[in-house]
1. Expressed as a whole number of Å, what is the distance separating the alpha-carbon centroids of the stretch 116-136 and the stretch 63-87?
2. Could the peptides 125-137, 27-39 be put in order, highest first, of the mean number of other beta-carbon atoms found within 10 Å of their residues?
3. Place a label point 7 angstrom from the Cα of Thr36 along the Cα-to-Cβ direction, then list the residues of the stretch 70-113 whose backbone nitrogen is under 16 Å away.
4. Give the residue from Leu30, Asn99, Asn78 lying farthest towards the positive end of the charge dipole for the chain; charges sit on Cβ (+1 for Lys and Arg, -1 for Asp and Glu) and the dipole is referred to the Cα centre.
5. Using modelled backbone amide H atoms (1.01 Å from N, in-plane), which distant-in-sequence or interchain residues come within less than 5 Å of Asp144's amide H?
6. For a label point 7 angstrom out from the Cα of Asp144 toward its Cβ, which stretches of the stretch 81-101 have the backbone nitrogen within less than 12 Å?
7. Report, as a whole number in µm² per second, the diffusion coefficient that Stokes-Einstein gives for the chain at 10 °C and 1.306 mPa s using the Kirkwood radius over alpha carbon pairs.
8. What list of ³J(HN,Hα) couplings, whole Hz, do you get for the stretch 6-20 from phi and the Karplus terms 6.51, -1.76, 1.60, once you set θ to phi - 60° and write x for glycine and proline?
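Please treat every number below as a calculation from the coordinates, not as lab data. As the structure is a computational prediction, the values presented were derived from the model and not from experiment. Cβ: placed from backbone, ideal geometry, glycine included. Neighbour counts: every protein chain shown.
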Amino acid sequence: MPGHGSWGFGMPELVSSACSSALDVTRPELYTFMKTFLGEMAEIFEEQYLFLGGDELATSCFDNSPTIATWMKAKGLNASSTQQYFWQQMTEKVFPSLNKTISVWRADDPNRGAFASNLPAGSVLNVYQSLLTAWHQTLPADTDTVVSMAGDRW
């Protein structure tokens with residue numbers, strides 16, 4: 001989340017008008033829903049970690065949605081900073097009630113996915129494209145890091 005999902009099948013009112021695979025992060029009711037939904041998942045799955053993806057959002061899903069584009073313009077944001085807004089809202093409104101360690105992907109492109117600074121303390125970033133992402137993005141942010149793949153090596 002917020003992209004690369006199938007939310008549009010079950011909750012069409014919470015997705016971008018430009019992409020049924022991306023959440024409309026500007027909608028306050030999204031965070032109410034996520035608190036309930038992820039809270040239920042946290043009760044069912046007792047593992048310490050909750051992995052939420054986070055890297056595969058097409059910026060066009062925000063840019064090409066008239067309501068999201070208008071909202072971004074009014075706030076002085078672009079698609080990349082709007083992604084960070086999503087993670088800030090999740091950290092403030094959703095994650096505290098879950099009692100889980102949050103984990104997300106970290107892409108080489110610094111404009112894709114959550115920044116450590118917008119996640120709860122103790123979150124884990126999972127680097128999957130190159131070891132340089134860990135060296136230059138996650139470790140300098142003093143963030144727990146898992147390197148799943150670096151280049152073509154697991």
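1. The two parts, judged by their Cα centres, are 23 Å apart.
2. 125-137, 27-39
3. 94
4. Asn78
5. Result for Asp144 returns Leu125.
6. Within reach of a label on Asp144, which here means backbone N under 12 Å from a point 7 Å along Cα→Cβ, the stretch 81-101 contributes 100-101.
7. 100 µm²/s
8. Using θ = phi - 60°, the values come out as 10, 4, x, 6, x, 9, x, 6, 9, 10, 4, 5, 8, 8, 6 Hz.
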